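The structure appears below as structure tokens.
The values are calculated or read from the model by the stated rules, or taken from the named source; none is laboratory data. It should be emphasised that the depicted structure is a prediction, and the values quoted were computed from it without experimental measurement. Glycine also receives a Cβ, built like all others from the backbone with ideal geometry; neighbour counts cover every protein chain displayed.
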Amino acid sequence: MNIERNYLIILFNESIFIDFNQVCETSVDTMRKSIDGTKTFVKWKKNESEPDFINNFSFVEGPYNHIEMITVLSGEDWQEINEEI
């Protein structure tokens, strides 16, 4: 696992602006979505410049490093919370 990455959360419906040549993801079909389906994220190598298409997004969270992103993805927006009965 390569942890030398930057992560940016965006709205899933704005994923049409992504240039997949500038990020680690390969297509919209392989991107992880939040539980409600409204958010996704892109990642790029830490030693590379921030992708230039980021200015096209109306909403962004981040950028986060690997440890920060693990924390975000363990939150209720990204993980189903099993309620005990």
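Annotations for the structure displayed:
- In the stretch 58-66, the condition of being assigned to a strand (DSSP E or B), in contact (Cβ under 8 Å) with a residue 24 or more places away in the chain, of a type in the set (Val, Ile, Thr) and surrounded by fewer than 18 Cβ atoms within 10 Å (Cβ to Cβ) is met by at least one residue.
- When Gly62 is tested against (1) modelled with pLDDT of 95 or more; (2) on the phi > 0 side of the Ramachandran plot; (3) of a type outside the set (D, E, K, R), only condition (1) is not met.
- Scanning the stretch 60-85 for residues that are within 12 Å of the chain's Cα centre (by Cα) and of a type outside the set (Asp, Glu) yields Val60, Gly62, Pro63, Tyr64, Asn65, His66, Met69, Ile70, Val72, Leu73, Trp78.
- Count - residues of the stretch 4-13 that are more than 12 Å from the chain's Cα centre (by Cα) and either surrounded by 14 or more Cβ atoms within 10 Å (Cβ to Cβ) or modelled with pLDDT of 95 or more (or both): 1
- Residues being closer than 16 Å to Ile70 by Cα, crowded, with 17+ Cβ neighbours inside 10 Å and in contact with a Lys or Arg (Cβ under 8 Å, 6 or more places away or on another chain) - total across the stretch 14-46: 5
- Scanning the stretch 1-46 for residues being touching a residue at least 40 places away in the same chain (Cβ under 8 Å), touching a Ser or Thr at 6+ places or on another chain (Cβ under 7 Å) and part of a strand (DSSP E or B) gives a total of 2.
- Selection count, the stretch 47-57, where residues are in a loop (DSSP other than H, G, I, E, B) and surrounded by 10 or more Cβ atoms within 10 Å (Cβ to Cβ): 4
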